[in-house]
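Visitor: Got a structure for you, written out below as structure tokens; questions coming shortly.
The values are calculated or read from the model by the stated rules, or taken from the named source; none is laboratory data. Quick caveat, the model's predicted, so the values are computed rather than measured. Counting neighbours? That spans all protein chains shown, and the Cβs are built from the backbone with ideal geometry, glycine included. When the accessible area is computed, the model is the full protein with side chains, heavy atoms only, and any ligands, DNA or RNA have been set aside. Shrake-Rupley method; radii C 1.70, N 1.55, O 1.52, S 1.80 Å.
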Amino acid sequence: MPRRRQRHMPGSGSDGTEDSDSSAEREQTNSSESDGNLNKRQRLTRASTRRSQSSQDASDLKRAADHDESPPLTPTGNAPSSESELDISSPNASHDESQAKDQANRDSDKDLSHRPKRRRCHETYNFNMKCPTPGCNSLGHLTGKHERHFAVSGCPLYHNLSADECKVKAISREKQEEETKGQEENNSRHATRHQTPTSKQSKYKEQVAEMRKGRNSGLQKEQKEKHMEHRQTHSNTREPLLENITSEYDLELFRKAQARASEDLQEKLRIQGQITEGSNMIKTILFGRYELDTWYHSPYPEEYARLGRLYVCEFCLKYMKSQTILRRHMAKCVWKHPPGDEVYRKGGISVFEVDGKKNKIYCQNLCLLAKLFLDHKTLYYDVEPFLFYVMTEADNTGCHLVGYFSKEKNSFLNYNVSCILTMPQYMRQGFGKMLIDFSYLLSKVEEKVGSPERPLSDLGLISYRSYWKEVLLRYMYNFQGKEISIKEISQETAVNPVDIVSTLQSLQMLKYWKGKHLVLKRQDLIDEWRAKEIKRGNSNKTIDPSSLKWTPPKGT
């Protein structure tokens, strides 16, 4: 009796049981339907066989004539290969299924139409993982198949080899493996356990025995001294010298085993999502509309860091493991701007003052995010003594993070910036200079002279030098007197005198003459700066002091 398929009937319950009154009738109906379907499948199989045979012998005109009798095309445009690909249950079911598929496609297109196009920021990034072997530059691999390594097991230097030597050995190993495979294919595969060795195998066995004769001979005096010197020089940071300890044949077998183990470890890390550029390294983050490549290591929890890809909410900065979790979070997240007080707004640019003590989680997440793009940052979790000034750009979906800078609540050295960052997707657009200008605007309101905390990152140093140069040239352009002092410049611009002197020296505007330091007014530099200002016009990327609504915080 043919096997009957189970169907969920309209009268069945949620647990798969049916009503007792109609069960017998449905059983008869199902058995008849199954018999009919089986006969129909057999007829269809024989018909398709006859059509395939006739299509091979018929001419082009015959193929065209029989085209209407060919099986229907699949959604990919190809005819199904067997009757199993055809839906022969009922025409109504196939029609309903096609309608459902069309409706699902239309719904998916409708859902994706409102999403903004995701852009990818390609920036030069630097993995913060290095080989632990002293003096190693992480180039090459013991297997000879990879360009870089980050573990001792794959370090050529640790194994007293060079990257080129590893590549040569890899080529020779591949040739030997190909020769071995060819010999195995030529030999018979039946009853190999009871066969006598071939002449080649006997000859190879004699060669191995000959090579192994001298392996028990001890090291000579010069060789012992060389081994001891190597051990004293490198201690446990290098593998001991293995030459002349055993035969060349056994040493080569040991090298092959090491390369095999290193390759297996490499493949295991790749399967787990930890590529060869280092474990626990977040390589990309999905942040709003952008997919950002990271530059440095950030101490996210290990269960998140080992994923290699992180999903971050652009409003509350919560980090998640998958896009599904992010999508569910975005449907429930009520944040559309950073927490804290909005102290500045002009156009679409706003700055929020966030207290690290009141909004601890947000500030910690902000620091972890910033560490992905900063090399010298060391503050992650101790955020309570700091104030964070977060700059955003607003649109109809919310206030998007542009950058931020942090500032100590009580700084004994009058640092007005502890850490500063512009997000990679907003770099080279003038936002970094706006953040710096805003930090000095707060120092002016406080009636203090400020300076950024050292050390500055490479990009931060470039941005600050450019800002100090622009401030000094603007001051020189507007200055009408004959005598100028660095103290007056510092009081008016809130820039530290040390920073002013270093900038004047780099511009060659400071000279020592007759026991005095003189400030030279270089008109060529001032004219060049003025021409750039005119060409730039009235840019929106400037801070307007009248738009600041802020009073210095009292105490902590």
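Visitor: Would you tally the residues in segment 333-347 being in a strand (DSSP E or B) and surrounded by fewer than 20 Cβ atoms within 10 Å (Cβ to Cβ)?
Guide: Number satisfying all stated conditions: 5.
Visitor: Sort out which residues of segment 512-556 are under 15 Å from M476 (Cα atoms), basic (K, R) and open to solvent by less than 100 Å² (accessible area, probe 1.4 Å), and write them in order of number.
Guide: R522, R530 - these are the residues of segment 512-556 that are under 15 Å from M476 (Cα atoms), basic (K, R) and open to solvent by less than 100 Å² (accessible area, probe 1.4 Å).
Visitor: Another question, if that's okay. Checking I489 against (1) in contact (Cβ under 8 Å) with a residue 24 or more places away in the chain; (2) in contact with a helix residue (DSSP H, G or I) (Cβ under 7 Å, 6 or more places away or on another chain), which test does it fail?
Guide: (1)
Visitor: Enumerate the pairs (first residue in segment 317-332 and farther than 16 Å from G398 by Cα and assigned to a loop (DSSP other than H, G, I, E, B); second residue anywhere and among the acidic types (D, E) and open to solvent by less than 80 Å² (accessible area, probe 1.4 Å)) with beta-carbon separation below 6 Å, excluding pairs fewer than 6 apart on the same chain, so at least 6 apart or on different chains.
Guide: Listed by first residue and then by second, the contacts come to nothing, as the list is empty.
Visitor: What are the residues in segment 374-395 that are modelled with pLDDT of 90 or more, over 29 Å from K554 (Cα atoms) and touching a Ser or Thr at 6+ places or on another chain (Cβ under 9 Å), if any?
Guide: Selection gives A394 alone.
Visitor: Let me ask another. Examine segment 323-331 for a residue that is surrounded by 18 or more Cβ atoms within 10 Å (Cβ to Cβ) and closer than 25 Å to Y440 by Cβ, and state whether such a residue exists.
Guide: For segment 323-331, residues surrounded by 18 or more Cβ atoms within 10 Å (Cβ to Cβ) and closer than 25 Å to Y440 by Cβ: absent.
Visitor: Does segment 377-404 hold any residues that are in a loop (DSSP other than H, G, I, E, B) and exposed (fewer than 14 other Cβ atoms within 10 Å of the Cβ), and which are they?
Guide: T378, Y381, D382, E384, N396, T397
Visitor: Which residue is least open to solvent (accessible area, probe 1.4 Å), if the candidates are limited to segment 222-249 and must be of a type in the set (S, T, N, Q) and in contact (Cβ under 8 Å) with a residue 24 or more places away in the chain?
Guide: S247
Visitor: Which ones in segment 458-511 are open to solvent by 10 Å² or more (accessible area, probe 1.4 Å), at pLDDT 85 or above and acidic (D, E)?
Guide: Once the filter is applied, which keeps residues that are open to solvent by 10 Å² or more (accessible area, probe 1.4 Å), at pLDDT 85 or above and acidic (D, E), segment 458-511 yields E470, E488, E492.
Visitor: Quick check on S439: is it farther than 17 Å from K541 by Cβ and touching a residue at least 40 places away in the same chain (Cβ under 8 Å)?
Guide: Taking the combined requirement at face value, the residue does not satisfy it.
Visitor: Can I ask one more? What's the total number of residues in segment 442-475 that are hydrophobic (A, V, I, L, M, F, W, C), part of a helix (DSSP H, G or I) and free of Cβ contacts under 8 Å to residues at least 60 places away in the same chain?
Guide: Looking only at that region, the number is 7.
Visitor: Yes or no: segment 432-444 includes at least one residue that is under 26 Å from the mean Cα position of the chain (by Cα), small (G, A, S) and crowded, with 19+ Cβ neighbours inside 10 Å.
Guide: For segment 432-444, residues under 26 Å from the mean Cα position of the chain (by Cα), small (G, A, S) and crowded, with 19+ Cβ neighbours inside 10 Å: present.
Visitor: Right, here's the next one. Check off (1) within 27 Å of N414 (Cβ to Cβ); (2) within 41 Å of the chain's Cα centre (by Cα) for N540 and give me the number that stays unchecked.
Guide: The one condition N540 does not meet is (1).
Visitor: Quick one: count up the residues across segment 348-369 that are touching a residue at least 60 places away in the same chain (Cβ under 8 Å), within 24 Å of L441 (Cβ to Cβ) and buried (at least 20 other Cβ atoms within 10 Å of the Cβ).
Guide: 2
Visitor: Name the helices (runs of 4 or more DSSP H) wholly inside segment 476-545 in which the number of residues that are among the small types (G, A, S) and over 19 Å from M434 (Cα atoms) is 2 or more.
Guide: Filter on segment 476-545 gives 497-506.
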